[in-house]
Amino acid sequence: MPHRENATLWAVSDLHAALPDNRVLVERMRPRSDADWLVVAGDCGELVHDVEWVLRRLSERYAKVLWTPGNHELWTPRQDPVRLRGVERYQHLVEMCRTLGVVTPEDPYPLWTGPGGPVTVAPLFLLYDYSFRVPQVSTKQQSLERAYETGVVCSDEFMLHPDPYPSRDAWCRDRVKETETRLAEADPALPLVLVNHYPLVRHPTRILRHPEFAQWCGTELTADWHTRFPVQTVVYGHLHIPRTTWYDGVRFEEVSVGYPREWRRPGHPAVGPRQILPVPA
């Protein structure tokens, strides 16, 4: 039996395992105890077989693995033999996770009972709705035009298809509504660790080198979730800026690995899983 008194809840994201150096990092990842859990907050890779490789490797090592998709998993690249798009692609990934025993946003939220618990760990899939707009514009169209003018355009515009929804923001609104209902039904006596690929508030995007990119980084619809619900910690990735911040007294952990050109920069934080529970000293 795993020794839960020694257990740690870890989180990582943006492993981008198609890159050889990042693949080596995944191969080296190991738990500290046989009861450790690992949250994977999206962007394992773009090709379905890369996503499966990452989650299979990690699920063989950690007592439990939880996954939520990033934007890269939802792309339909030309070189991927899996040609599914939009909702069908997401559902395909969910079924693949279930064959590996990996928890997804479509499954019951598991209860962490190790050190720092009990805590409900909730993987979320929310997307974005272009409401993190560039300054001095009032519409999505104006914000997108500004991005195209500056040349800062997320590849989602070409590879993340929302089928059967008419747009990515429509898909986002539906996901937010469904998830909000589930969180409202969760036991209010238990703290929550919310895991999403994107930050739930806009504040972390304000340090982006290119502010135009923020519109692909979340939704204003979740801006008060960390105070409306009994949230202990919010885990996210996507920005490739690993750090700990606090908003309204709630801890936010950005857990990205990112690209080698980023994590090899002098002074960059050590890459790999970040400790979520017990809360580090």
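Arrange the following residues from fewest to most other Cβ atoms within 10 Å of their Cβ: F229, F158, F132.
F158, F229, F132
Which order do peptides 196-202, 75-81, 255-261, 166-172 fall in by mean Cβ count within 10 Å, highest first?
With the highest mean Cβ count within 10 Å placed first, the list reads 196-202, 255-261, 166-172, 75-81.
If we count other beta carbons within 10 Å of each Cβ, what is the order of F125, F213, fewest first?
F213, F125
Could you tell me which residue out of L127, P260, V195 lies farthest along the dipole of the chain toward its positive end? Charges go on the beta carbon: Lys and Arg +1, Asp and Glu -1, centred on the Cα centre.
My answer, from the dipole projection, is P260.
How large are Rg and Dmax for the stretch 81-239 when only the alpha carbon atoms are used, in Å?
When restricted to Cα atoms, the stretch 81-239 yields Rg and Dmax of 16.8, 50 Å.
Let me understand the stretch 42-93 better: what is its radius of gyration from the alpha carbons, and its Dmax, in angstrom?
11.1, 35
What percent antiparallel are the DSSP beta bridges of the stretch 4-277, to the nearest 5?
The answer is about 35 percent antiparallel.
Taking a cut-off of 34 Å, what percent of all Cα-Cα pairs in the chain are separated by more than that?
Across the chain, Cα pairs with separations above 34 Å total 13 percent.
Let me know the charge dipole size of the chain about its Cα centre in debye, to the nearest 20, where only the beta-carbon of Lys, Arg (+1) and Asp, Glu (-1) is charged.
So the magnitude is around 640 debye.
For the stretch 221-281 and the stretch 46-64, what is the centre-to-centre distance using only Cα atoms, to the nearest Å?
21
Let me check against my output: what whole-number percent is the relative contact order of the chain, with C-alpha pairs under 8 Å and at least 6 apart?
For the chain, the relative contact order is 22 percent.
Just want the ordering: Y90, Y236, from fewest to most Cβ atoms lying within 10 Å of their own Cβ.
In increasing order of surrounding Cβ atoms, one gets Y90, Y236.
Which of rounded, prolate or oblate describes the stretch 152-224 when judged by the alpha-carbon gyration tensor and an a/c cut-off of 1.5?
Note, shape of the stretch 152-224 comes out oblate.
Report the label-to-label distance for R265 and R209 in nanometres (one decimal), using points 7 Å from each Cα along the Cα→Cβ vector.
A separation of 0.6 nm, rounded to one decimal place.
At q = 0.19 Å⁻¹, what is the log10 ratio I(q)/I(0) for the stretch 17-77, with the Debye formula run over Cα points and no solvent?
Listed by q, the Debye log ratios stand at -0.67.
Once the Cα atoms of the stretch 106-160 are picked out, what are the Rg and Dmax in Å?
In order Rg, Dmax, the Cα atoms of the stretch 106-160 give 18.5, 50 Å.
Return the long-range amide H neighbours of V201 (sequence gap of 5 or more, or a different chain), with a cut-off of under 5 Å between placed amide H atoms.
none
Relative to the first principal axis of the alpha-carbon coordinates of the chain, what is the inclination of helix 140-150, with its axis defined by its Cα atoms, in degrees from 0 to 90 and to the nearest 10?
Approximately 90 degrees, to the nearest 10.
Values quoted throughout were computed directly from the atomic coordinates according to the rules given, and no laboratory measurement underlies them. Quantities reported herein were computed from a predicted structural model and do not represent experimental measurements. We place every Cβ from the backbone using ideal geometry, glycine too, and count neighbours over all the protein chains shown.
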